[in-house]
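Encoded as structure tokens, the structure appears first; notes follow it.
FYI, it's all coordinate maths here, none of it is from the lab. The structure displayed is predicted, hence computed values, not measured ones. Neighbour counts run over all protein chains shown; Cβ positions are idealised from the backbone, glycine included.
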């Protein structure tokens, strides 16, 4: 048999809790926990556009990997330059199961980082990537967007207004980027600014 709260929405449960304890409740905060923003070069997910891009670059299909690898190298090098300019570590993690946020927070605490770049963490993870494959029917090589694995960079930051966040960047075509914001961190910063304990 279902209890009364099982039939209520989360919003209604919260309201019922506040009504029940109204003598002890001095205020209610509403907000989001985490927000993930995702950015793509959408045209590079569309095969005809990707094929045209490669052809305009003067690259033959069999040369795709040799064409893409230096771009990946440049993406990695720019991250390393950023870390070096701010004297922050770049670490490779052998397992994607490593708790990256926990590690970044440990580095932040250990190094006393109050704002700016905390660290760049790298690991190989699944992603949609472009591969060169043979087509048995046409007996020709073609590009295919498939699930694969490639290196991802996690840039952990501490911006003054937003608080602890990270940017996840795929280092192989089509270079997906995600920004993960923590709503509680953002709210905490606003409360500090307003002088609310």
_Mean separation of Cα contacts under 8 Å (6+ apart) over length of region 81-197, as relative contact order %_ = 19 percent
*Compute the separation of the alpha-carbon centres of region 83-124 and region 147-197 and state it in Å as a whole number.*
12 Å
_Relative contact order, percent, the chain [alpha-carbon distance under 8 Å, six or more residues apart]_ = 23 percent
*Ratio of Rg to Rh over the chain (Cα coordinates, Kirkwood Rh, two decimals)*: 1.13
*Order these peptides, 17-24, 36-43, 73-80, by their mean beta-carbon neighbour count within 10 angstrom, highest first.*
73-80, 36-43, 17-24
